[in-house]
Amino acid sequence: MLNETGHIPFDTKVKLLKKIQLFSDLHRPSLKKIADLVEETEYQKGHYIFRKGDEGDAVFIIALGSVSVRDGDFILSHLKEGDVFGEYALIDNKARSASILAEEPVRLLRLSHHDFSRLMENNKEILHGLLQVFVNRLRHQDQMEIQLSEKNAQISQQKEILVDLNEEKNHLIAIIAHDLRNPLSSTLSLAELLKSESENFTDDQKICIAGMIRALNRMNEMVKRILDVRSLEEKQGNLNLERTNISGLYQQAFLNFKDKIDKKGLNAVLNLNEVYAVIDKNYLLQVIENLISNAVKFSPENKNIYFNLWANEGKVYIGIKDEGPGISPEDQRKLFMKYQPLSAVPTGGESSTGIGLSIVKKFTEMMNGEVQCESTPGKGAKFIVSFDRA
């Protein structure tokens, strides 16, 4: 591309200018006037042509080599021969919005803002061409805004459809769960009645009755949790906040699970300090029970479960730590989402609906608390619920 003197030939400059949108409609005489004004510049590999924040005083056309457009260390794009950068500097001298770095030895054509402004004053064709470019850009922007508006309308319509479907789904789930509750309770009562007459049955029949009762209890628990979620979504503001001794509430929740802990051969390690927080007793009891239920469910036999309650720097902390399989990074990302069972399998054949932890998060946040999980796969899981100390 260079001539015998090592410069870019004049005709090549004109051709390069013709490729620029700003000058593409100009006739050759006008292009030649601009070509007379451009200055050849050269940069070595790794040198900056300009940096973000520098004053915009010229437009550059790449005649040879390539550059990268950068914002800090992040590369926004690569430009090569025939590409243009910094063209807004022909209109104003505002700060550059990005940095330009030479990726190899590069030869540029530089047209300064000052020279171009002088040229426009005496050349109506160039001014007209420039205005035409901006008119075209405005038209393109208008078309993009129309398309964007249409897309937003489609998204809003789809969102409304999804909201309606979600409400319909929740309503259907609530109806099914509610209607299941009565026949389940009746069947469970009949099963318990059979159990009370167990001296009249064989050992195999007793085993079947015990299995039936366990299955019915699991189903009953699942229905209860589904209805809990539905009730929560409908009555989020229905709280009875009061200053409460968390230790007494924690011990009550623990005692509700002591039989299950003992039957599974688990060792409970309690360290409960007497602390107070402003909470809803019923909601916090469910929070703690759900966390205890999970710890028992995923703990292998003869392992420890640690129940801790302490205060530090104006905060009350409720901790439950197990020695189960832990929670994978993938599971941790969906840990508190509704109806998201984890990949870990309960160790005693218990059921897992994926609802318990979503209730924990909802109830805790409603009481202005926070819940977090610390877990390494293979090394158990630790859940911590915290509130302001009262």
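A short reminder: the numbers here are calculations on the coordinates, not readings from a lab. Since the structure is predicted, the reported quantities are computational estimates derived from the model, not experimental observations. Neighbour counts are summed over all protein chains in view; Cβ atoms, including those assigned to glycine, are modelled from backbone coordinates with ideal geometry.
In table form, for the structure just shown:
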read-out: Fluctuation leader among 77, 375, 196 - the chain, Gaussian network, Cα springs under 10 angstrom; value: 77
read-out: Extension gain, residue 21 back to residue 310 (0.36 nm per residue minus Cα-Cα distance, nm); value: 97.2 nm
read-out: With at most 14 neighbouring Cβ atoms within 10 Å, loop chymotrypsin sites (Phe, Trp or Tyr not before Pro) (DSSP) excluded, longest segment of the chain; value: 1-200
read-out: Dipole of the chain, positive direction: furthest Cα of 68, 138, 182, with charges on the beta-carbon; value: 182
read-out: Modelled FRET efficiency - R0 56 Å, residue 217 with residue 148, Cβ distances, 0.05 increments; value: 0.55
read-out: Charge dipole (debye, nearest 20) of the chain; +1 at Cβ of Lys and Arg, -1 at Cβ of Asp and Glu; value: 160 debye
read-out: The chain - convex hull of alpha carbons, volume per residue in Å³; value: 242 Å³
read-out: Helix axis angle, 356-366 relative to the chain longest principal axis, alpha carbon, degrees; value: 70 degrees
read-out: Acute angle (nearest 10 degrees) that the helix 203-234 long axis makes with the longest principal axis of the chain, alpha-carbon atoms; value: 50 degrees
read-out: Among 89, 78, 249 - extreme Cα towards positive end, dipole of the chain, charges at beta-carbon; value: 249
read-out: Rounded to 10°, Cα long-axis angle of helix 124-196 versus longest principal axis of the chain; value: 10 degrees
read-out: Distance in nm between pseudo-label sites at residue 112 and residue 179 (7 Å out along the Cβ direction from Cα); value: 8.4 nm
read-out: Proxy reagent accessibility, fewest Cβ within 10 Å first, across 288, 146, 384, 359; value: 146, 384, 359, 288
